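Taking it in order: structure first as structure tokens, then the write-up.
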Amino acid sequence: MGDTNDALEALADVVATVVGRAKPYLDENINPPDAQCFTRTYDPRLTLGGSPKRMLAASVRVFVKRIDLRSAQLSIRNYMDQAGETSIRAAVENGDLWPDGLIDDVEVVQVGEPFEVGTGDAAYFAIDFDVDIIL
């Protein structure tokens with residue numbers, strides 16, 4: 001059974017196979033295309049059937065450069081595909097990309113609404129993917 005840090009690091013490694021780079025934490029330094037993996041609200045008491053397995057609720061935030069709104073939307077949609085080389089879901093749910101023995105199961109449970117993000121003079125377009133990881 002893995003811990004939260006191990007799971008987020010592995011999730012970032014998996015997402016990097018699609019995006020090119022990903023961090024297992026939130027960071028104000030964004031270099032699109034980029035992704036950041038972090039925990040979201042969850043009940044830490046949640047176990048499965050009384051077993052020591054537990055669920056970790058994580059999110060993957062993918063950033064693309066926003067030159068104009070149309071091109072940013074087209075770029076972000078590639079990551080929203082259900083399958084294929086640019087699909088976040090396909091990569092995350094591919095057990096072969098995860099270290100052996102770290103997780104029991106993983107599933108993308110929600111794809112958020114794209115939104116604009118700005119830091120300093122830079123503008124980005126982003127989207128969140130909610131991921132449930134069974135450790």
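The table for this structure:
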item	result
Principal axis box of the stretch 67-135, alpha-carbon based, largest edge first, Å	43, 25, 18
With Cα atoms, 0 to 90° folded angle of helix 69-80 axis to the chain main axis	20 degrees
Relative counts (whole %) of C-alpha pair distances in the chain, using bins that are 5 Å wide	2, 11, 21, 23, 18, 12, 7, 4, 1, 0, 0
Inter-label distance for residue 21 and residue 105, nm, one decimal - labels placed 7 Å from Cα along Cα-to-Cβ	3.5 nm
Where labels lie 7 Å past Cα in the beta-carbon direction, separation of residue 86 and residue 116 in nm	2.2 nm
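All of the numbers you see were taken from the coordinates with simple rules; none came from a lab. Since this is a predicted model, take the numbers as computed values, not measurements. In this analysis, Cβ positions are derived from the backbone assuming ideal geometry, glycine residues included, and neighbour counts consider all displayed protein chains.
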